[in-house]
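Comments concern the structure below.
The values are calculated or read from the model by the stated rules, or taken from the named source; none is laboratory data. Worth saying up front: this structure is predicted, and the values here are computed from it rather than measured. Methodologically, a virtual Cβ is constructed for each residue, glycine included, from the backbone with ideal geometry; neighbour enumeration extends over all protein chains shown.
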Amino acid sequence: MPVCPVSRIAMIAAYDRRRAIGKNGRIPWRIPGEQQRFRSLTLGQTVIFGRRTYEEIGVPLPGRENFIVSRTRQFTGAHLRTFPTLADAVAAAETEQVFLGGGAGIYAEGMALAETLYLTEIAGDFHGDTFFPPLPAGQFARTAEERHGGGIPYVYVTYRRKW
């Protein structure tokens, strides 16, 4: 099977001031706007999760191809497939875009593959224990920003890889 071109690969994540993405195996906030952004960007596409992230979600996300990277557990069902490595999952994707949706291991490994980063930067500090990796110095340019207020202020940020 052909390898998925890097331009098709995007990361989508939300993190707090310290780049925390999780606490005790869960997402430590509930921001409906951020969830809506995730849904609208990924609908009809492939989303790749690590095993623990998928186990937190618990069900395949509707309207998407759900790929799980796991060496220890097999997941099967409609629009749900398991792969032993991120490379295998990316190579099998047939949709226009491939979104890396977490967790920390998928983000760390996928940073070298992603062309676009759709990030939500949350103003709070949730004292998480799982973190989004730092962006590699000089490799991405911030291309869009949209600020939101309310209970917990946040910013949608889009980064594109510099070539």
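Out of all the residues in region 91-126, which are under 13 Å from the mean Cα position of the chain (by Cα), part of a helix (DSSP H, G or I) and crowded, with 16+ Cβ neighbours inside 10 Å?
Residues satisfying the conditions are A104, G105, I106, Y107, E109, G110.
G110 versus (1) in contact with an Asp or Glu (Cβ under 8 Å, 6 or more places away or on another chain); (2) among the small types (G, A, S); (3) more than 19 Å from R26 (Cβ to Cβ): which is the lone unmet condition?
(1)
Rundown of residues vs (1) at pLDDT 95 or above; (2) exposed (fewer than 13 other Cβ atoms within 10 Å of the Cβ), yes/no style:
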site: I31; (1), (2): no, no
site: R37; (1), (2): no, no
site: L43; (1), (2): yes, yes
site: T53; (1), (2): no, no
site: F67; (1), (2): yes, no
site: S70; (1), (2): yes, no
site: T76; (1), (2): no, yes
site: T82; (1), (2): yes, no
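Among the listed residues F99, F126, F75, F132, which satisfies the condition of being among the aromatic types (F, W, Y) and free of Cβ contacts under 8 Å to residues at least 40 places away in the same chain?
F75
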